[in-house]
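The values are calculated or read from the model by the stated rules, or taken from the named source; none is laboratory data. Worth saying up front: this structure is predicted, and the values here are computed from it rather than measured. Ideal geometry is used to build each Cβ from the backbone, glycine not excepted, and the neighbour counts take in all protein chains shown.
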């Protein structure tokens with residue numbers, strides 16, 4: 001699994017001109033799954049996300065987690081995180097997972113993340129043409145890949 005985690009002041013996802021979901025302070029998580037991803041990847045990634053300390057404490061030091069600030073999370077599926085750009089100028093998405101495998105992984109990821117956060121995680125719609133709007137706070141952007149845990 002690959003993610004781009006952005007600390008945001010607010011974010012929303014729209015489909016067909018209508019807002020599907022929006023959050024205030026928290027994370028916009030772009031999530032890309034591949035066929036090799038497992039339940040272990042989901043557990044590791046969700047734990048990392050909820051415990052990531054990138055919110056400012058009283059001294060202005062990034063020392064608080066999303067749990068500490070009672071933040072929200074918006075997860076948007078993003079198969080293009082698996083783009084291969086090594087040959088030519090048109091990216092290949094062959095490493096991105098098939099719908100049969102990645103839809104259940106995505107749904108499980110959202111459920112586990114909600115459980116660990118202690119409240120519902122908002123989402124886009126898997127496979128839909130979405131417009132994502134956000135105000136990156138900081139900016140703080142963290143990329144994680146479960147295949148590079150070390």
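Tabulated data for the structure shown
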| read-out | value |
| --- | --- |
| Failed criterion for residue 108 (all others in (1) in contact with a helix residue (DSSP H, G or I) (Cβ under 9 Å, 6 or more places away or on another chain); (2) more than 15 Å from residue 30 (Cβ to Cβ); (3) free of Cβ contacts under 8 Å to residues at least 60 places away in the same chain hold) | (3) |
| Residues that are touching a strand residue (DSSP E or B) at 6+ places or on another chain (Cβ under 7 Å) and either crowded, with 22+ Cβ neighbours inside 10 Å or not in a helix (DSSP H, G or I) (or both), drawn from region 66-79 | 66, 68, 69, 71, 72, 73, 74, 75, 76, 77, 78 |
| Residue 61 being over 14 Å from the mean Cα position of the chain (by Cα), surrounded by fewer than 17 Cβ atoms within 10 Å (Cβ to Cβ), at pLDDT 95 or above and more than 22 Å from residue 13 (Cα to Cα) | yes |
| Residue count for region 44-55, restricted to those that are surrounded by 15 or more Cβ atoms within 10 Å (Cβ to Cβ) and either touching a strand residue (DSSP E or B) at 6+ places or on another chain (Cβ under 7 Å) or more than 12 Å from residue 147 (Cα to Cα) (or both) | 8 |
| Filtered residues of region 37-49 (kept if touching a helix residue (DSSP H, G or I) at 6+ places or on another chain (Cβ under 9 Å) and in contact (Cβ under 8 Å) with a residue 12 or more places away in the chain) | 37, 39, 41, 42, 43, 45, 46, 47, 49 |
| Restricting region 114-146 to residues that are within 16 Å of residue 3 (Cα to Cα) and in contact with a helix residue (DSSP H, G or I) (Cβ under 8 Å, 6 or more places away or on another chain), the residue that is modelled with the lowest pLDDT | 126 |
| Residue in region 89-111 that is buried (at least 19 other Cβ atoms within 10 Å of the Cβ), within 21 Å of residue 19 (Cβ to Cβ) and in contact with a strand residue (DSSP E or B) (Cβ under 6 Å, 6 or more places away or on another chain) present | yes |
| Of residues in region 1-23 being more than 15 Å from the chain's Cα centre (by Cα) and not in a strand (DSSP E or B), the one nearest to residue 106 (Cα to Cα) | 16 |
| Positions within region 130-150 being surrounded by fewer than 18 Cβ atoms within 10 Å (Cβ to Cβ) and out of contact with any strand residue (DSSP E or B) (no Cβ under 7 Å at 6 or more places or on another chain), in sequence order | 139, 147, 148, 149, 150 |
